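Here the structure comes first, spelled out in structure tokens, and everything after it is commentary.
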Amino acid sequence: MTPDRACARFSVSVAALCTVCWAPPADAQEVGIPIGATPPAVEVESLDGDTVSLAVSIGERPVLLQFWARWCTVCEALRPQLGEAATRFAGRVEFVAVAVAVNQTPRSVRRYLEQHPVPYPVVWDVTGAAVRAYRAPTTGYVVILDADGRVAYTGVGEQQDLVAALERIVGG
């Protein structure tokens with residue numbers, strides 16, 4: 001084997017090793033806002049129209065945000081897991097559903113929640129400020145911020161293991 005060929009093989013092997021070593025965790029996805037980022041303070045509204053700051057608990061304890069819609073099938077599939085997690089981590093993690101302002105209104109969201117209550121607040125992202133700040137690619141997108149307010153997890157889809165992600169961030 002020529003020295004040039006040996007060097008090329010070595011470079012390919014190192015590149016492959018680096019990809020394996022520095023890949024994001026298998027259970028988190030690098031979508032939306034980058035892991036480690038500190039999102040800006042964002043104001044949304046309550047379903048009654050009052051201003052609510054998403055920064056209220058950020059930096060005090062971990063916060064799980066789910067970008068949600070009443071018509072979202074992924075959100076519905078995540079509902080049992082989020083309910084379990086909210087019960088299990090009550091008092092240690094703040095849970096907030098951020099209702100996107102696409103094909104729904106605060107009134108339709110309130111009606112839906114009367115039939116399908118959740119054990120955490122639902123806020124209204126009327127201007128899309130939260131969607132932009134967290135770079136939410138879709139509904140069913142979940143962001144978990146650590147106690148310092150940095151993004152520790154992002155994920156989309158029905159197969160997210162949110163309890164395991166929270167256990168890593170908060171502890172069992």
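The values are calculated or read from the model by the stated rules, or taken from the named source; none is laboratory data. Values in this document were obtained by computation on a predicted structure and should not be read as measured data. For neighbour counting, all protein chains shown are included, and Cβ atoms are generated from backbone atoms with ideal geometry for every residue, glycine included. The accessibility values were calculated without ligands, DNA or RNA, using every heavy atom of the protein model including side chains. Shrake-Rupley method; radii C 1.70, N 1.55, O 1.52, S 1.80 Å.
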_Whole-number Å³ per residue for the convex hull built on Cα positions in region 38-101_ = 103 Å³
_Dipole magnitude of region 43-172, debye to nearest 20 (Cβ charges: Lys/Arg +1, Asp/Glu -1, about Cα centre)_ = 180 debye
*asked:* Give me a comma-separated list of calculated 3J(HN,Hα) values for region 51-62, in order, Karplus coefficients 6.51, -1.76, 1.60 applied at θ = phi - 60°, integers in Hz, x for any Gly or Pro.
replied: 6, 10, 9, 5, 7, 3, 9, 5, x, 9, 7, x
_I need the Kirkwood Rh of region 111-172: take the reciprocal of the average 1/r across all distinct C-alpha pairs and report it in angstrom._
13.6 Å
*Wrap a convex hull around the Cα atoms of region 17-172, take a quarter of its surface area, and give that in square nanometres.*
8.9 nm²
*Where does each of Glu167, Glu43 land when they are ordered by accessible area, with a 1.4 Å probe and the largest first?*
Glu43, Glu167
*Distance-filtered residues of region 33-53 - backbone nitrogen under 19 Å, label point 7 angstrom along Arg110 Cα→Cβ*: 44-53
*Would you mind working out the magnitude of the charge dipole of region 71-132 relative to its Cα centre, with +1 at each Lys and Arg C-beta and -1 at each Asp and Glu C-beta, to the nearest 20 Debye?*
80 debye
